[in-house]
Amino acid sequence: MWSSTCPSAKRLEGAAGTIMESIYRISSTSFDILLLDHYSSFCWFMAGMALVRILKSKIDAGAHIEVIKVNSEIEVIKHILLRLSERTIIGRRQIKLLNEHFDNEIGIQSFQSQANTTELDPISGRPKKRTKVSEMLNIAQGTKIGPGMATFDGPIRLR
């Protein structure tokens with residue numbers, strides 16, 4: 001299980017955040033990513049893998065806003081790897097592996113395992129209402145952001 005108090009987990013989140021910043025910098029220019037070394041795409045791929053694990057922990061914790069943020073970061077990584085996969089075999093392989101990892105960790109199996117677990121509210125003793133993962137990932141479509149709620153106006157800093 002992923003823990004937010006673990007120093008290694010915090011370092012991994014910080015590294016993924018730094019890699020995301022580099023992706024945003026590269027994406028904001030007209031630089032051709034094919035001119036970069038393959039090590040760059042490997043770093044993007046590994047950041048995507050780490051973010052999938054972070055996303056899974058946020059889903060388990062029921063942190064709706066964080067789920068949306070981390071999922072959007074994963075989508076950015078998928079997009080840049082998809083751009084790379086148009087002309088390189090390494091990019092194709094990396095996007096395929098990232099999609100498989102996402103499906104294994106967050107996909108149908110997670111939906112089914114969530115449906116089978118019932119947690120009790122410690123105060124009332126009633127079963128807690130668990131939000132489905134699909135609802136968490138689509139929550140931004142029907143939710144109005146009011147005072148005191150977070151807005152999404154830039155890359156998240158995973159630190």
(message) Counting other C-beta atoms within 10 Å, and keeping those with at most 15, which DSSP coil GluC sites (Glu not before Pro) do you find in region 31-105?
(response) E86
(message) If a paramagnetic tag sat 7 Å from the Cα of A15 along the Cα-Cβ line, which residues of region 45-68 would have the backbone N under 20 Å from that point?
(response) 45-58
(request) Measure up K10/K56; K10/K58; K58/K96 against 19 Å on the Cα-Cα distance and list the ones that go over. (result) K58/K96
(request) Could you do me a favour and compute the accessible area per residue for region 4-58, 1.4 Å probe, result in Å²? (result) 54 Å²
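The values are calculated or read from the model by the stated rules, or taken from the named source; none is laboratory data. Everything numeric in this text was worked out from a predicted model, so none of it was measured. Backbone-built Cβ (ideal geometry, glycine too); neighbour counts: all protein chains shown. For the accessible areas, the whole protein counts, side chains as well, though only heavy atoms, and no ligand, DNA or RNA atoms are used. Shrake-Rupley method; radii C 1.70, N 1.55, O 1.52, S 1.80 Å.
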